[in-house]
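K.L.:
Got a structure for you, written out below as structure tokens; questions coming shortly.
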Amino acid sequence: MATLTCRQLVKTYKGGQRAVDGIDLTLEPGELMVVVGPSGCGKSTFLRMVAGLESISDGELRIGGTLANQLEPAQRGVAMVFQNYALYPHMSVFDNMAYALKLQKRPREEITRRVREAAALLGIEALLERRPRQLSGGQRQRVAMGRAIVREPRVFLFDEPLSNLDAALRVQMRLEIRRLQQRLGASMLYVTHDQVEAMTLADRLVVLRDGRIEQIGTPMSLFETPASCFVARFIGSPAMNLLPVTQADGRARLPGGLILDTEALETEIIETAPETKADTAASADAAEPPAAATLGVRPEHLRLDPQGEFAVTLEMIERLGVDALAYCRLPGLDAPLTARLPLATLEAAALREGSEIRLAVDGPLHLFDAEERRVARRARLSADTSAATSSIA
Ligand SMILES: Nc1ncnc2c1ncn2[C@@H]1O[C@H](COP(=O)(O)OP(=O)(O)O)[C@@H](O)[C@H]1O
Ligand SMILES: [Mg+2]
């Protein structure tokens, strides 16, 4: 049985704003599902609706098979970890962790046992007598997780739990949460605006946009087949390069004097929300996929090559260590064309800012239509040799 099911979940705040606008999803037992999206897209509202901290305007929420729309928060079998930890400052770590069990009037020995077990799991046994203000950020974060663990919930809810920690600690805690989740076999809904956190933690990823699911799937499926320009921009760092495609003289043209040839793909499976899936299936029956209005290529899929299609000027280099990001100017494109290149390659070629270079595509090209939806076509680039304006030598 699914741990949690949402059907057309809607939240309309007073004043009429639909912060959550029809969410359909199923969280499987033991699954870590990450909900990701820009600030204000409805992530916290959605999580609070599941927790029972915010009423549900429409739709259905089931937890462990039971309709939970009207259940009190304490009866839902969920435990939430908040961004600001929400610890009681006047209570010891032990009492913070024991609080929910005391409210449930559990026997004292059981409370002590469960708090000690959770503390051991999190490596905070030595801190049980301290107050929250005597703890570091990472330790507070562990206490907040411990408070959720002692309740043995059916579903853990995390709302940006790491955003108050510094970068190094964020990486460490990310690994700890993953390890903990696997050890407990816990089902988790985890909200973040950080796409790296989302990619690295998730079994499945839900990209939220204006209160709706834009795409749902494994991190790699979203990386490899983004359903829209929105997902393409959001998943992957640095973001995918997106180039406008214009139709002129009966050909599809790109900045830099390039021609785009495309060929319809027989099938392309994209996991999306149920409603959009129906749309895709319907349009797959139609004859031709729509024309491309945008071409996408990931920075990882461009390489230095004297025969490369893109003739660009190297404008800026960011050395990341093993790799470097090369920001290049392509005539006719406002944004820089970004390539992730091995630093050794750049140095071997003695490249510097201002160098004229060529980049070849070494990976998939992504096509999107005028509505920024993915187009099921295979794409090929070539130089426009017929054009008088062509500067390609
Ligand atoms: N209590 C509230 N009353 C009215 N509008 C709200 C309330 N809480 C959030 N919102 C609005 O709902 C939208 C989604 O907010 P939120 O769920 O906090 O987004 P996120 O967590 O993704 O940043 C935002 O436009 C926000 O301004
Ligand atoms: Mg939020």
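K.L.:
Mind counting the residues in the range 91-113 that are outside any helix (DSSP H, G or I), loosely packed, with under 13 Cβ neighbours inside 10 Å and either among the basic types (Lys, Arg) or modelled with pLDDT of 95 or more (or both)?
P.N.:
Going through the range 91-113 one residue at a time, the tally reaches 2.
K.L.:
May I ask you to say which residue of GLN83, GLN75 is away from ligand 2 (no atom under 13 Å from the Cβ) and either surrounded by fewer than 19 Cβ atoms within 10 Å (Cβ to Cβ) or not assigned by TED's automatic domain parsing to the domain that holds PRO132 (or both)?
P.N.:
After ruling out the rest, the residue left standing is GLN75.
K.L.:
Within the range 12-36, count every residue that is on the phi < 0 side of the Ramachandran plot and either within 13 Å of ligand 2 (Cβ to nearest atom) or part of a strand (DSSP E or B) (or both).
P.N.:
Pass one, the range 12-36, residues on the phi < 0 side of the Ramachandran plot: 12-14, 17-21, 23-29, 31-36.
Checking the rest, the ones that are also either within 13 Å of ligand 2 (Cβ to nearest atom) or part of a strand (DSSP E or B) (or both) come to 12, 18-21, 23-27, 32-36.
So the count comes out to 15.
K.L.:
Continuing with the same structure: Search the range 306-328 for residues that are free of Cβ contacts under 8 Å to residues at least 60 places away in the same chain and at negative phi and pair each with any residue that is basic (Lys, Arg) and outside any strand (DSSP E or B) when their beta-carbon atoms are under 8 Å apart and the residues are at least 6 apart or on different chains.
P.N.:
Taking only residues 6 or more apart or on different chains, the pairs are LEU314/ARG352; ILE317/ARG352.
K.L.:
Among the numbered conditions (1) farther than 24 Å from ALA324 by Cα; (2) crowded, with 21+ Cβ neighbours inside 10 Å; (3) of a type in the set (Gly, Ala, Ser), tell me where GLY257 comes up short.
P.N.:
(2)
K.L.:
Follow-up. For the range 19-39, how many residues are modelled with pLDDT under 95 and out of contact with any helix residue (DSSP H, G or I) (no Cβ under 9 Å at 6 or more places or on another chain)?
P.N.:
1
K.L.:
Which of the residues spanning the range 4-46 are within 8 Å of ligand 1 (Cβ to nearest atom) and of a type in the set (A, V, I, L, M, F, W, C)?
P.N.:
Within the range 4-46, ALA19, VAL20, CYS41, PHE46 meet the criteria.
K.L.:
Among the acidic types (Asp, Glu), under 18 Å from THR5 (Cα atoms) and outside the structural domain of ARG377 (by TED's automatic domain parsing): which single residue out of ASP203, ASP166 fits that description?
P.N.:
ASP203 is the lone residue from the list that is among the acidic types (Asp, Glu), under 18 Å from THR5 (Cα atoms) and outside the structural domain of ARG377 (by TED's automatic domain parsing).
K.L.:
Moving on. Return the residues of the range 329-340 that are more than 24 Å from the chain's Cα centre (by Cα) and either closer than 14 Å to GLU300 by Cα or among the basic types (Lys, Arg) (or both); say none if nothing qualifies.
P.N.:
Result: ARG329, single match.
K.L.:
Please determine whether any residue of the range 86-94 is within 16 Å of ligand 2 (Cβ to nearest atom) and within 16 Å of PHE158 (Cβ to Cβ).
P.N.:
yes
K.L.:
Being under 18 Å from the mean Cα position of the chain (by Cα) and surrounded by 15 or more Cβ atoms within 10 Å (Cβ to Cβ) narrows it down to one residue among ALA186, ALA167, ALA198; which is it?
P.N.:
Details: ALA186 fails: under 18 Å from the mean Cα position of the chain (by Cα); ALA167 fails: surrounded by 15 or more Cβ atoms within 10 Å (Cβ to Cβ).
Among ALA186, ALA167, ALA198, only ALA198 is under 18 Å from the mean Cα position of the chain (by Cα) and surrounded by 15 or more Cβ atoms within 10 Å (Cβ to Cβ).
The values are calculated or read from the model by the stated rules, or taken from the named source; none is laboratory data. Quick caveat, the model's predicted, so the values are computed rather than measured. Quick reminder, even Gly has a Cβ in these numbers, built from the backbone with ideal geometry, and neighbours come from all protein chains shown.
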